[in-house]
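Here the structure is laid out as structure tokens; the discussion comes afterwards.
The values are calculated or read from the model by the stated rules, or taken from the named source; none is laboratory data. Bear in mind that the values here come from a model prediction, so they are computed numbers and not experimental data. Note that we place each Cβ from the backbone using ideal geometry, even for glycine, and neighbour counts take in every protein chain shown. With ligands, DNA and RNA removed, areas are computed over all heavy atoms of the protein, side chains included. Shrake-Rupley method; radii C 1.70, N 1.55, O 1.52, S 1.80 Å.
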Amino acid sequence: MSTSVTYDIIVIGAGPAGQKAAVQGAKAGKHVALIERERGIGGSCVYRGTIPSKTLRESALHLDQLKRAGEALQFTLKPDTQIATLLSRLENVVRAHDSFMSQQLRRNGISLLHGRAHFLSEHIIEMQTVDGARQQLTADTIIIATGSRPRAPKEIPIDHEHILDSDSLLSMMYLPQSLAVLGGGVIACEYGSIFSLLGVEVTLIDRAQYPLQFMDRELVKQFVQSFERQGGRYLGGREITEVRWDNVAHVVTRLSDGTTIKSEKMLVALGRQSNVEDLNLSAAKISVSEKGLIPTNQYCQTDIAHIYAVGDMAVGPALASKAMEEGRRAVRHALNLPVGDAASTIPMGIYTIPEMASIGLDEKSARERYKDPLIGRAKFEEVARAQISGAGHGLLKMVADPEGEHLLGVQVVGDSATELVHIGQLALQSSATIESFIDNIFNFPTYAEAYRIAALDILGQVAKRRAAKAA
Ligand SMILES: Cc1cc2nc3c(=O)[nH]c(=O)nc-3n(C[C@H](O)[C@H](O)[C@H](O)COP(=O)(O)OP(=O)(O)OC[C@H]3O[C@@H](n4cnc5c(N)ncnc54)[C@H](O)[C@@H]3O)c2cc1C
């Protein structure tokens, strides 16, 4: 019988959620084990998700700038451009990330163990290494952070060569001439707009009339317009009846309205599935919802108080930023440290081209709650910085209460949206007034100036409301 090693905290999975949980535990002086089944640490965020997709995006943006600067040169990418060329910086980025994270784990005295973990009971974890050796570990607190993988619908024959998912997409050797993308979520829209900017003929297909259903409709419309102006095509409100590789040169997609699309490659981005199957959760009496997620409370606690579930495998948006915050939050709760209320203002950043971001209430949810909120708009056409950089298609929306006193939320589409939103985040967290955006001086020219323009818009509407009441 193998003896078990005892820790204060065991974390399963070394993606963003697990790492932050482990570091938080160690910083509080606890003896922490972090178990990871893969050789590298960083999870899908580093190897198949955030970092590779954003590296490709950066290449696409650089090439686009070059193209625009040299319009007269008629610069286009060769049809046989290798994906590896576009991802040339990826290896350096991943290496830098890996070495930073490894150092951080070492510095904090965290035991990083490589193996596949599963529950034997509510307090005992068994870890199996690649050579088959088994080790038992026990802890007072267990954090499950095993993340997710692309959902593979049975009716779509994903072969990872012609019909790919987000894990295999970047293993394509060459930039395809055409790409059909199934899905209207974040991954579909991000990759769709990146490949479109690279000159690939992209068709996005989804059953919803508009993509990104959870985002402000005005922002999404602007994104679809930009995507289509770029040469992409969005086919909304369509059901797929058949997808097949024709064994010659095309992926053939048939839609319920009779349309047939032929593309060189296809990306299937129809949601994610959490990694729970291998964990033997029943041994720990933990339930899994119909969607395959582990139900948790606001502190990420499962039904079993000392077991927490964080990141992609728990309910909520599948974002690295949310995963990290949950990892930190769960451990702080377990250790009786103050958790703060940051979870109520998790920002949303979508790296489409153009990018989008949101924090707090959007127009729709503010109308449901406040009936008549005020919405301030700053079109990037009015922002000098955007005019200078030729990024005039953006929009910043500021949502305020009906009196126009307090900020309730901010939504942005356009250049630097994912950075800009953090000004709104700090303002929300410190209950800033709308007037404070006018009382403060903004650098000129900056994108941040859009806040001032939107605040002025709101105060103009307040004055009109007051005048109408007085009349
Ligand atoms: C294409 C793409 C683009 C994305 N872009 C962004 C973005 O721009 N911004 C953003 O915030 N998010 C983005 N995301 C989402 C982000 O990558 C995820 O939300 C994040 O990685 C989730 O972190 P996690 O720690 O929950 O899980 P993961 O990162 O999935 O990590 C889980 C880890 O657990 C390990 N594991 C699983 N089972 C076991 C087991 N039984 N034993 C031991 N180890 C196990 C896995 O090997 C893995 O390393 C993107 C995702 C994709 C796919």
Failed item, numbered, when D303 is tested on (1) part of a loop (DSSP other than H, G, I, E, B); (2) acidic (D, E); (3) buried (at least 22 other Cβ atoms within 10 Å of the Cβ)
(3)
Any idea which of (1) more than 8 Å from the ligand (Cβ to nearest atom); (2) within 18 Å of V276 (Cβ to Cβ); (3) modelled with pLDDT of 95 or more; (4) in contact with a strand residue (DSSP E or B) (Cβ under 8 Å, 6 or more places away or on another chain) is the one V310 doesn't satisfy?
(1)
Quick one: what pairs do we get from region 48-77, first residue at positive phi, second modelled with pLDDT of 90 or more, C-beta under 7 Å, 6+ apart or different chains?
none
Is there any pair linking a residue in region 81-99 that is more than 20 Å from F195 (Cα to Cα) to one that is assigned to a helix (DSSP H, G or I) and at pLDDT 85 or above, with Cβ under 7 Å and at least six apart or on different chains, and which?
V93/I51; V93/T55; V94/V46; V94/I51; H97/V46; H97/I51
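Can you go through A283, A378 and tell me which one is over 30 Å from T55 (Cβ atoms), over 23 Å from the mean Cα position of the chain (by Cα) and in a helix (DSSP H, G or I)?
Answer to the selection: A283.
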Out of I423, I453, I458, report the one residue that is of a type outside the set (D, E), under 10 Å from A378 (Cβ atoms) and either assigned to a helix (DSSP H, G or I) or touching a helix residue (DSSP H, G or I) at 6+ places or on another chain (Cβ under 6 Å) (or both).
I453
Under 8 Å by Cβ, and 6 or more places apart or on different chains, what pairs join a residue from region 444-470 that is under 16 Å from I423 (Cβ atoms) and of a type in the set (V, I, T) with one that is open to solvent by 80 Å² or more (accessible area, probe 1.4 Å) and in a helix (DSSP H, G or I)?
T446/R385; I453/E382
Within region 20-40, is even one residue more than 9 Å from the ligand (Cβ to nearest atom), in a loop (DSSP other than H, G, I, E, B), surrounded by fewer than 16 Cβ atoms within 10 Å (Cβ to Cβ) and under 24 Å from the mean Cα position of the chain (by Cα)?
yes
Filter region 313-335 down to the residues that are touching a strand residue (DSSP E or B) at 6+ places or on another chain (Cβ under 8 Å), near the ligand (Cβ under 9 Å from one of its atoms) and part of a helix (DSSP H, G or I) and list them by number.
M313, S321, E326, G327
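Listed here are the residues, each with its yes/no results for (1) part of a loop (DSSP other than H, G, I, E, B); (2) within 16 Å of the ligand (Cβ to nearest atom); (3) out of contact with any strand residue (DSSP E or B) (no Cβ under 7 Å at 6 or more places or on another chain).
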site: V202; (1), (2), (3): no, yes, no
site: P211; (1), (2), (3): yes, yes, no
site: L219; (1), (2), (3): no, no, no
site: G237; (1), (2), (3): yes, no, yes
Would you point out which residue out of S196, S166, S171 is of a type in the set (S, T, N, Q), at pLDDT below 95 and in contact with a helix residue (DSSP H, G or I) (Cβ under 9 Å, 6 or more places away or on another chain)?
S171
Checking D439, D401 in turn, the sole residue that is open to solvent by less than 20 Å² (accessible area, probe 1.4 Å), among the acidic types (D, E) and more than 20 Å from K221 (Cβ to Cβ) turns out to be D401
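Report the residue count in region 186-200 for those that are outside any helix (DSSP H, G or I) and within 15 Å of the ligand (Cβ to nearest atom). Before the answer, list the steps.
Residues of region 186-200 that are outside any helix (DSSP H, G or I), as a first pass: 198-200.
This time we only want the ones that are within 15 Å of the ligand (Cβ to nearest atom), so: none.
Summing the residues that are outside any helix (DSSP H, G or I) and within 15 Å of the ligand (Cβ to nearest atom) in region 186-200 gives 0.
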Close pairs (9 angstrom Cβ cut-off, 6 or more residues apart or separate chains): open to solvent by 20 Å² or more (accessible area, probe 1.4 Å) in region 418-435, assigned to a loop (DSSP other than H, G, I, E, B) and hydroxyl-bearing (S, T, Y) anywhere:
E419/Y447
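Yes or no, residue by residue, for (1) open to solvent by less than 30 Å² (accessible area, probe 1.4 Å); (2) among the β-branched types (V, I, T):
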{"site": "D362", "(1), (2)": "yes, no"}
{"site": "S365", "(1), (2)": "no, no"}
{"site": "E368", "(1), (2)": "no, no"}
{"site": "I388", "(1), (2)": "no, yes"}
{"site": "H393", "(1), (2)": "no, no"}
{"site": "L396", "(1), (2)": "yes, no"}
{"site": "V412", "(1), (2)": "yes, yes"}
{"site": "N443", "(1), (2)": "no, no"}
For region 306-336, which positions are open to solvent by 30 Å² or more (accessible area, probe 1.4 Å) and of a type in the set (V, I, T)?
V315
Please find, within region 119-134, the residue that is farthest from V46 (Cα to Cα) out of those that are crowded, with 18+ Cβ neighbours inside 10 Å and touching a residue at least 24 places away in the same chain (Cβ under 8 Å).
H123
Qualifying strands (runs of 3 or more DSSP E) (wholly inside region 111-181; at least 3 residues being away from the ligand (no atom under 15 Å from the Cβ)):
134-144
Among the residues in region 379-402, are any touching a helix residue (DSSP H, G or I) at 6+ places or on another chain (Cβ under 8 Å), within 11 Å of the ligand (Cβ to nearest atom) and either closer than 30 Å to R466 by Cα or among the hydrophobic types (A, V, I, L, M, F, W, C) (or both)?
no
Limited to region 4-19, what total is found for residues that are near the ligand (Cβ under 8 Å from one of its atoms) and open to solvent by 30 Å² or more (accessible area, probe 1.4 Å)?
0
P338 vs. criteria under 30 Å from Q225 (Cβ atoms) and either outside any helix (DSSP H, G or I) or more than 12 Å from the ligand (Cβ to nearest atom) (or both):
no
Residues of region 261-307 being within 12 Å of the ligand (Cβ to nearest atom) and more than 30 Å from W245 (Cβ to Cβ), which ones?
V276, D278, L279, N280, L281, L293, I294, C300
All positions within region 275-297 that are touching a helix residue (DSSP H, G or I) at 6+ places or on another chain (Cβ under 7 Å) and surrounded by fewer than 24 Cβ atoms within 10 Å (Cβ to Cβ)
N275, V276, V288, L293
